[in-house]
1. Among the residues of the stretch 207-216, count how many are part of a strand (DSSP E or B) and exposed (fewer than 14 other Cβ atoms within 10 Å of the Cβ).
2. Considering only residues that are modelled with pLDDT of 85 or more, assigned to a loop (DSSP other than H, G, I, E, B) and surrounded by 14 or more Cβ atoms within 10 Å (Cβ to Cβ), which ones fall in the stretch 219-242?
3. Please work out if residue 222 is touching a strand residue (DSSP E or B) at 6+ places or on another chain (Cβ under 9 Å) and free of Cβ contacts under 8 Å to residues at least 12 places away in the same chain.
4. Checking residue 52 against (1) at pLDDT 85 or above; (2) under 18 Å from residue 7 (Cα atoms), which single condition isn't satisfied?
5. Can you give me the number of residues within the stretch 254-273 that are surrounded by fewer than 16 Cβ atoms within 10 Å (Cβ to Cβ) and not in a strand (DSSP E or B)?
């Protein structure tokens, strides 16, 4: 273990704990590997990269933890490290040649070496930060492009949904008939509320209309792990989706199903009696 690394590692660990950050949190914020942060905090030098790369990691971590004097901390660390290496070399029994008469020259050489180290360190950090910024920018551009594509697709889907008013435009309605009839027998019309829960596995656009009032009770873009997508209505529902395979539905009869394949445009009445109730409510609404 390195005494210099142990000292600065302990400082990092204490500051991280003070800020309420886990090692994983610090790794995500600084982009320094999880195992590298562990080894730095524990002072395990053998498991870490060479000094130039390690200095880069230390500077990034110290800046992430918002330690204002990080430059001085790095200089102190490197001086302590070089001093410890000198002591270790001396204790190993190897002859260390000294030139007392040239102390000023030796001091200048050491200062020059330190300047070179700092220049190399600054260059490495600059290149590394530039790489991280480019990677972040590319990732953001991809995210923005995906969001724009999804928004454009959902806009097209909404236009198509508005045109779906006849049985010819409805996909898989006959295939669902046996299940909806089963729901009718389990929950005859007028004996209680119809219930419908929706689990989202992929991004999609979803519209739920009350069959009793012909009013939209939910409309919008939904994403995986969306919560509280549970609906109830006395007469049932008219469900429209632009990505049928992305939705898993659970109805009154306790059965779960999807309405179709991914990317399919589907309009579904649940139960079958909801269609007549919806058309009636819509006609009354228009009058």
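1. Filtering the stretch 207-216 down to residues part of a strand (DSSP E or B) leaves 207-210, 216.
Those still in the list that are exposed (fewer than 14 other Cβ atoms within 10 Å of the Cβ) too: 216.
Residues meeting the conditions: 1.
2. Selection gives 229, 234, 235, 236.
3. No; evaluated as a whole, the condition is false for this residue.
4. (2)
5. 5
The values are calculated or read from the model by the stated rules, or taken from the named source; none is laboratory data. Predicted model, so just to flag it, every value in this text is computed and none were measured. All Cβ positions, even for glycine, are placed from backbone atoms using ideal geometry, and neighbour counts span all protein chains on display.
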